[in-house]
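Accompanying notes for the structure given below.
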Amino acid sequence: MKPLLIIKMGHTMPHLAKRRGDFEDWIVLPLKGQDLTIAIVSPYTGEPLPRPEHFSGIIITGSHAMVTDREAWSEHTAAWVPRVIEAGVPLLGICYGHQLLANALGGVVGSSPIGIELGTVNVRLNGDAAKDPLFKYTPTAFKAHASHSQSVIQLPPDAVLLASSKKEPNHAFSIGPHAWGLQFHPEFDADIMKTYIHEFADFMETHGQAPQTAVDAVVETPHSRSLLQRFAKIAMAHEI
């Protein structure tokens, strides 16, 4: 079985990493117990991107960077994404990865016109999700953790919109049979989400949002979290 590759696009706050680990650890945690080997590559530290066909599936993490900053390491990863699509390797982009996937394939990323979305949010699937391999077992409405001030403003050509929230119209999409973008964070749990709200409380207040109200609304999000397990199964099945 080929390994599952995590493309690490940055790191979380140092105090949170010390206590809970980093983005890749949060992704791996729900996958424990599955017959998976995990490989991790960090483009932002200068590590080279490998050949996609050497992996059963690929997950691109979130980041505190902005896609629109067009850092060299980010642009290099964006140029690599079409190779993954062409190789037919299952690909999942989370938050920054979602935006990078859209940008790499002809979509538009920019500051969200409705401001920051930070906290546990209500996500609703559209009709196309019912037959989507990643979402077909997910309830039509579910809760997910979100932390972003930029969004996919325009989906790539041929992308299929799968999910939206009140503030974010493009919360999930697919492109082709093997690639998905998720603006929300399936790897976050309630503790991580609350930590992010506390960290960016001042930023929320400048955008007219009440951090304590957001903290009080945080709950665990098992349906969102299960998408990581579902993606891993898709990747493993792709290898058979």
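Matching residues to (1) surrounded by 16 or more Cβ atoms within 10 Å (Cβ to Cβ); (2) among the charged types (D, E, K, R); (3) under 15 Å from the mean Cα position of the chain (by Cα):
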site	(1), (2), (3)
Ile85	yes, no, no
Glu117	yes, yes, yes
Gly127	no, no, no
Ala144	yes, no, yes
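For region 58-74, which residues satisfy the criterion of being closer than 26 Å to Lys2 by Cα and out of contact with any Phe, Trp or Tyr (no Cβ under 9 Å at 6 or more places or on another chain)?
Listed by number, the list holds a single entry, Ile58.
For region 141-166, how many residues are in a strand (DSSP E or B), of a type in the set (S, T, N, Q) and closer than 17 Å to Ala214 by Cα? So that I can check it myself, show each step before the final result.
Initial filter on region 141-166 (in a strand (DSSP E or B)): 141-148, 150-154, 160-165.
Checking the rest, the ones that are also of a type in the set (S, T, N, Q) come to 147, 150-151, 154, 164-165.
Remaining after also requiring closer than 17 Å to Ala214 by Cα: 147, 165.
Selection size over region 141-166: 2.
Exactly one condition in (1) surrounded by fewer than 16 Cβ atoms within 10 Å (Cβ to Cβ); (2) in contact (Cβ under 8 Å) with a residue 12 or more places away in the chain; (3) not basic (Lys, Arg) is not met by His15; state its number.
Of (1) surrounded by fewer than 16 Cβ atoms within 10 Å (Cβ to Cβ); (2) in contact (Cβ under 8 Å) with a residue 12 or more places away in the chain; (3) not basic (Lys, Arg), only one is false for His15: (2).
Which residue is farthest from Ile38 (Cα to Cα), if the candidates are limited to region 188-240 and must be assigned to a loop (DSSP other than H, G, I, E, B) and of a type in the set (D, E, K, R)? Give the derivation first.
So in region 188-240, the residues assigned to a loop (DSSP other than H, G, I, E, B) come out as 188-189, 200, 207-210, 217-221, 240.
Filter once more, keeping what is of a type in the set (D, E, K, R): 189, 220.
Numbers: Asp189: 21, Glu220: 25 Å.
Here the answer is Glu220.
Could you please give the count of residues in region 18-30 that are surrounded by 18 or more Cβ atoms within 10 Å (Cβ to Cβ) and over 14 Å from Gly62 (Cβ atoms)?
At the first step, the residues of region 18-30 found to be surrounded by 18 or more Cβ atoms within 10 Å (Cβ to Cβ) are 22-24, 26-28, 30.
Going one step further and asking which of them are over 14 Å from Gly62 (Cβ atoms), we end up with 28, 30.
The qualifying residues number 2.
We did not get these values from a lab; they are worked out from the coordinates using the rules stated. All values reported here derive from a predicted model rather than from experimental measurement. FYI the Cβ positions are ideal-geometry reconstructions off the backbone, even for glycines, and counts take in every protein chain you see.
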